[in-house]
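Engineer: If you scroll down you'll find the structure; I have some questions about it.
The values are calculated or read from the model by the stated rules, or taken from the named source; none is laboratory data. Remember, it's a predicted structure, so these values are computed and weren't measured experimentally. Positions of Cβ are backbone-derived with ideal geometry, glycine not excepted, and every protein chain shown enters the neighbour counts.
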Amino acid sequence: MSAICCVVGPTGSGKTALAIEICKRYNGEILGADASQVYRGLNIGTGKATEAELQGVRHHLIDVADPWESFDAARFIALADAAVSEIESRGHRVVVCGGTGFYLRALLHGLCEAPPVSAEVQQALEQRRISGELPEMYKELQNCDPDVAAKIAPQDPQRIERALGVFLTTGQTLSSWQKKHAFQADRYPQRLVLGLQTPPEILKSRIFARVDRMMADGFLEEVRGLMASGCTESLRSMGALGYRLMVDVLEGRITKEEASQKLKASTWQYARRQRTWFRAQSDVRWLEMPVSWTALSPLLDHLWCNPA
C-alpha cells in the first residue's frame, strides 16, 4: 500500500523548500498539487521551482498541459495516480506538495459525484466569461451557493463555471451535492499531511517580497510571450493569479506598479483563503516555521520506515 507525505499550506509558506528537504533526506520525489503549475509556459507567475532550487529532486505534474488545454481534477487524479506508481516503482517515496486544496482532497478522497452541466448552460457560461462577466458570475455564485463560493477564488473561472453550472442545470447547489458525497473514499489511507503555519505578518511580508521578485524576474515579459504565442486572457489557465493583471498592463489599462500592488493584495487574500481551507481539514498536522526536524523526523520515520 502506498504511503505518501503531503505538504500543504498557503502560498509563500515554504511548502516547496520543505518538500525538497524531505525528498533529499528520505529519497523522495515531489508530486505537485497546483492547478496553475500544470500549464507549460506559466512559470514565474505560478512560482514554479527552478532546477537550481530543486537540487536534483524530481518534480511531477509540472508542465503537463498547454495553456489552451482543459485541465480538471479528474485529469489531475489520473496523472497523480500514475506518478505515484512510477515513483514507487523506483523505490522512492512520494511527497505531495501544493496549495490547491481541492486537488489534494480529490487525490485523497475522490471527486464529488456532481451531475454534468448541460451543454446549453456550459456554452452560455463560457460566453459570459469570454465577455468579461466573471465578476458578475462569482457574485451570482455567492448568492446561490455561498458555501462553495467561499472556497473559490474570484479569479478561478473553471470552478466558478462548474459550480454555477451545476446550480443552473439541476436547481441544486454544488455544496449540497458535495455533502451527499462527503468525499467518503479514502484513496491513500497511509499518509501524513503536514501543514505549514506562519504568523500572518511574516507570511504577508514574504508574499509581498515574492511579488516583487516575480516582477523583477520578468513576469510581465512571460505574459507578453504567452500572448505572442496565441494565449488570450479568456483562457482558464490565464485565470491564475496575476496573469490577467499583466495583460491589463500590456493593454495599457493599468500601470506596472498598479498591477504589482493589486497582485500583492489578491495574493494575500488568496493565502488567507488557503489557510482557512486547510484549517478545516481534520487530518492536517500543523508545523511551526521554521520546522523542527527533531519533531518531524519521527513522524516521517513512522510513515516510511515503520509502517503500520
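Engineer: Of the conditions (1) under 23 Å from Ala78 (Cβ atoms); (2) in a helix (DSSP H, G or I), Val193 clears all except one; give me its number.
Structural biologist: (2)
Engineer: Could you please find all residues in the range 155-177 being surrounded by fewer than 19 Cβ atoms within 10 Å (Cβ to Cβ) and under 20 Å from the mean Cα position of the chain (by Cα)?
Structural biologist: Scanning the range 155-177 gives a single hit, Gln158.
Engineer: Which one of the conditions (1) modelled with pLDDT of 95 or more; (2) more than 26 Å from Met227 (Cβ to Cβ); (3) out of contact with any Leu (no Cβ under 6 Å at 6 or more places or on another chain) does Val96 fail to meet, given that it meets all the rest?
Structural biologist: (3)
Engineer: Which condition from (1) in contact with a Cys (Cβ under 8 Å, 6 or more places away or on another chain); (2) not assigned by TED's automatic domain parsing to the domain that holds Leu18 is the one that Leu141 breaks?
Structural biologist: (1)
Engineer: If you scan the range 230-288, which residues turn out to be in a loop (DSSP other than H, G, I, E, B) and touching a residue at least 60 places away in the same chain (Cβ under 8 Å)?
Structural biologist: Matches in the range 230-288: Gly230, Cys231, Ser234, Leu235, Arg236, Ala240, Leu241, Gly242, Gln281, Asp283.
Engineer: Give the residues of the range 253-308 that are of a type in the set (Val, Ile, Thr), farther than 18 Å from Ala209 by Cα and under 20 Å from the mean Cα position of the chain (by Cα), sorted by residue number.
Structural biologist: Within the range 253-308, Thr276, Val284 qualify.
Okay, residues lined up against (1) buried (at least 23 other Cβ atoms within 10 Å of the Cβ); (2) under 27 Å from Gln281 (Cα atoms):
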position	(1), (2)
Cys6	yes, yes
Gly14	no, yes
Glu21	no, yes
Gly41	no, no
Gly56	no, no
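Engineer: Just one of the numbered conditions (1) touching a helix residue (DSSP H, G or I) at 6+ places or on another chain (Cβ under 6 Å); (2) under 23 Å from Ala19 (Cα atoms) is not true of Arg210; which one?
Structural biologist: Single failed check for Arg210: (1).
Engineer: Based on this model, can you work out whether Arg187 counts as in contact with a His (Cβ under 7 Å, 6 or more places away or on another chain) and either surrounded by fewer than 17 Cβ atoms within 10 Å (Cβ to Cβ) or not aliphatic (A, V, I, L, M) (or both)?
Structural biologist: yes
Engineer: Further question: What tally of residues in the range 1-51 results from selecting those that are under 15 Å from Leu303 (Cβ atoms) and among the polar types (S, T, N, Q)?
Structural biologist: Total meeting the criteria: 2.
Engineer: State all residues of the range 200-223 that are over 18 Å from Gln37 (Cα atoms) and surrounded by fewer than 21 Cβ atoms within 10 Å (Cβ to Cβ); if no residue qualifies, say none.
Structural biologist: Listed by number, the residues that qualify are Pro200, Glu201, Ile202, Lys204, Ser205, Arg206, Phe208, Ala209, Asp212, Ala216.
Engineer: Could you tell me which of the residues Val249, Val223 is under 28 Å from Asp63 (Cβ atoms), touching a Lys or Arg at 6+ places or on another chain (Cβ under 7 Å), modelled with pLDDT of 95 or more and among the β-branched types (Val, Ile, Thr)?
Structural biologist: The match here is Val249.
Engineer: Still on this structure, please answer the following. For the range 102-170, please list each of the helices (runs of 4 or more DSSP H) lying entirely inside it that holds at least 1 residues being in contact with a Phe, Trp or Tyr (Cβ under 8 Å, 6 or more places away or on another chain).
Structural biologist: It comes to 134-144, 146-149, 157-170.
Engineer: Kindly indicate whether any position in the range 73-86 is within 18 Å of Leu226 (Cα to Cα) and among the charged types (D, E, K, R).
Structural biologist: Within the range 73-86, none of the residues are within 18 Å of Leu226 (Cα to Cα) and among the charged types (D, E, K, R).
Engineer: From the residues in the range 267-297 that are surrounded by fewer than 18 Cβ atoms within 10 Å (Cβ to Cβ) and among the polar types (S, T, N, Q), which one is modelled with the lowest pLDDT?
Structural biologist: It comes out as Ser282.
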